[in-house]
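Trainee: Below is a structure I'd like to ask you about.
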Amino acid sequence: MCFWANKRVVVTGGAGFFGHFVVERLIAAGVAEVTVPRSRDYDLVDRSAVQRLFADAKPDLVFHLAARVGGIGANRAKPGLFLFENAMMGLT
Ligand SMILES: NC(=O)c1ccc[n+]([C@@H]2O[C@H](COP(=O)([O-])OP(=O)(O)OC[C@H]3O[C@@H](n4cnc5c(N)ncnc54)[C@H](OP(=O)(O)O)[C@@H]3O)[C@@H](O)[C@H]2O)c1
């Protein structure tokens, strides 16, 4: 049986530029279920939203590709915000 056939997978950032290619490949590989949490539904900076996502999706695997990105100018304008949000999403 295909490795992916019975796997439930969460792809954070799966609606983003990088993540949507990963979602396409997972679907093509025959994954049982892919969940793409949107920030409007699950703000992954917030630990309780991450816990809710895990309870809702019950994933076997998580690809964590969500990030606050925006190029050099945006990073320079708000370095603390970018560091905080990306660190918290990674930690939670
Ligand atoms: N683009 C590239 O060529 C490339 C190459 C190598 C590595 N990467 C890395 O891949 C990651 C994503 O980059 P990207 O270019 O795909 O960025 P992107 O297009 O801006 O996508 C970022 C995704 O992260 C989600 N997200 C952001 N903040 C969130 C939050 N608080 N809670 C939940 N979801 C949140 C967004 O969801 P919503 O749309 O729902 O807001 C969005 O789908 C970054 O770490 C980047 O460095 C990118």
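The values are calculated or read from the model by the stated rules, or taken from the named source; none is laboratory data. Being a predicted model, the structure only gives us computed values, none of them experimental. Here Cβ is always computed from backbone atoms with ideal geometry, including for glycine, and neighbour counts include all displayed protein chains. The area values use the complete protein model at the heavy-atom level, side chains included, leaving out ligands, DNA and RNA. Shrake-Rupley method; radii C 1.70, N 1.55, O 1.52, S 1.80 Å.
Trainee: What Rg and what Dmax come out for the stretch 45-92 when only alpha-carbon atoms are used, in angstroms?
Mentor: Final numbers for Rg and Dmax: 12.9, 38 Å.
Trainee: Given 37 °C and 0.692 mPa s, how large is the Stokes-Einstein diffusion coefficient of the stretch 8-91 in µm²/s, with Rh as the Kirkwood radius over Cα pairs? Kindly include the intermediate steps, with their values, before the conclusion.
Mentor: Numbers: Rh = 13.5 Å.
Approximately 244 µm²/s, per Stokes-Einstein.
Trainee: Here is a further query. Taking a probe of 1.4 Å, how large is the accessible area per residue of the stretch 14-78, in Å²?
Mentor: Working: 4480 Å² over 65 residues.
Using a 1.4 Å probe on heavy atoms only, each residue of the stretch 14-78 averages 69 Å².
Trainee: Would you kindly state how much longer the chain becomes between ALA87 and LYS58 on full extension, computed as 0.36 nm times their sequence separation minus their alpha carbon distance, in nm to one decimal? Don't skip to the answer; put the middle values down first.
Mentor: Numbers: separation 29, 0.36 × 29 = 10.44 nm, distance 2.30 nm.
That pair, ALA87 and LYS58, stretches by 8.1 nm at full extension.
Trainee: Among GLY14, MET1, GLY70, pick out the residue whose Cα is farthest towards the positive end of the charge dipole of the chain, where Lys and Arg carry +1 and Asp and Glu carry -1 on C-beta, about the Cα centre.
Mentor: Most positive-ward Cα: GLY70.
Trainee: Report the calculated FRET efficiency for ASN75 and ARG8 (r = Cβ-Cβ distance, R0 = 30 Å), to the nearest 0.05. Please report the intermediate quantities before stating the final value.
Mentor: Details: r = 34 Å, r/R0 = 1.12.
Between ASN75 and ARG8 the formula returns 0.35.
Trainee: Share of the chain's accessible area from carbon and sulfur, percent, 1.4 Å?
Mentor: On the way: 3590 of 6090 Å².
Taking all protein chains in place, the chain shows 59 percent carbon and sulfur surface.
Trainee: Per-residue HN-Hα couplings for the stretch 9-19, Karplus 6.51 cos²θ - 1.76 cosθ + 1.60 at θ = phi - 60°, whole Hz, x for Gly and Pro?
Mentor: Values per residue, Gly and Pro as x: 10, 9, 10, 5, x, x, 9, x, 4, 6, x Hz.
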